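Written out below as structure tokens is the structure these notes cover.
Values quoted throughout were computed directly from the atomic coordinates according to the rules given, and no laboratory measurement underlies them. Predicted, not measured: the structure shown is a model, and the values here were computed from it. Reconstructed Cβ throughout: ideal geometry from the backbone, glycine too, with neighbour counts over all protein chains shown.
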């Protein structure tokens, strides 16, 4: 209401000189769901409570450290020994967090769905029942995360449970939120393809179904990492010494002959390490120095513990690329940190079906190249046949623009649906999109070629729309796409001089 001037005097009136502006939302904020050592802050439980952290130190403070993964050791006729992990003691979230931060990750959300329970291990149950799926609905009230990652999904004993969990991830991203993408791992992704009925890639493609594929990216294979160091592994990671002790004794006899009894007495001291107990460092170091087989067994355990699904590392790669270039840059042709090699060595021929399957369900390859290291060599969503949403960078760029303009437009809710409001909204959106064009997110030699914003009566609205309180805005974008295939043509020409 205009001010009524009744008393003589001087009155000051301030007017805004600049229009409101849109601010780009954060794009590199993954939400990790899984099991942790603990989940507590300020003496309050953080189970199924999305918690924002910015460093590995904060993760350790609130959620604790690594699980004590246990292994059984037995004799093998060919290799001398073999190890087998107890599946109830395997959890991937902590190691995936280390892989995330070592690949450029920073801000993220953690949803702990439970602590390490060696009677249950990783399990899945839908909705709010205990299990890896329980943490997904808790993220509905948190708009900031832009990626959903559940590295523990591949540890589920039943493959169908993993696929159901991945379907729930897709539904959360593509139906409930429409503001984030799911980074998926191939179940049994450390196994090479055999192109038979039980082929790991075909099984994962069939398992995730056909819905909401544009909201996901799947990566293959698993990675051999350096996350777990050799000094983090000891006989505490062995749960039964009945089969291993005779093997160590036999090697002591072979190496030391009549003096072997001293070493065998040390071997006899080996015993399982329970909760709250510590490793006998002197015993551990003695056996490392005197019994090569003991060292070899721990090295094999370390190697197995370092095999990780790629989703946690990819969340870090995407965060790093977003920070250095922008969300419009494809997270591909990028080397991965703390990674020695992929568990399956893929060739260009192997990748053909991964990238261009008849079903369109593209799976991004992680490959090792001589002289270059381990590179992410794929940039597609699982909706590979879609011209609109084939590339993960396009999907995420449009999400960023949609959410940025949505938040900016909320300031105009309940404003008069008249030309002045339309001009203000169009100017705000145009300025934001022009900034995105300058950064390289939109393609075109001029802003007019890159985008358009339409609003107004007779353009995007009818008189009935205005009576119904509806303001329609149409935004058209030319989003930059990656040059996935570069073809260089050579031909000979006649001599000219």
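Per-structure values
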item	result
Gap separating the Cα centres of the stretch 439-497 and the stretch 273-343, nearest whole Å	43
Label-point separation in nm, residue 198 to residue 497, each point 7 Å along Cα→Cβ	6.9
Hydrodynamic radius (Kirkwood) for the stretch 15-131, which is based on Cα pairs only, to one decimal in Å	16.8
Packing rank of 281-288, 235-242, where each peptide gets the mean count of other beta carbons within 10 Å, highest leading	235-242, 281-288
With eigenvalues of the C-alpha gyration tensor scaled by 5 and rooted, the stretch 267-388, Å	42, 17, 14
Acute angle (nearest 10 degrees) that the helix 311-324 long axis makes with the longest principal axis of the chain, alpha-carbon atoms	40
Tail beyond 19 Å, pair distance distribution of the stretch 2-62 (Cα, percent)	60
When the convex hull of its Cα atoms is projected in every direction, mean area for the stretch 322-475 (nm²)	12.9
Surface/4 estimate of mean projected area, convex hull on alpha-carbon atoms of the stretch 230-305, nm²	4.9
15 Å tail of the calculated P(r), the stretch 415-497, as % of Cα pairs	67
Convex hull of Cα atoms in the chain, direction-averaged projection (nm²)	39.9
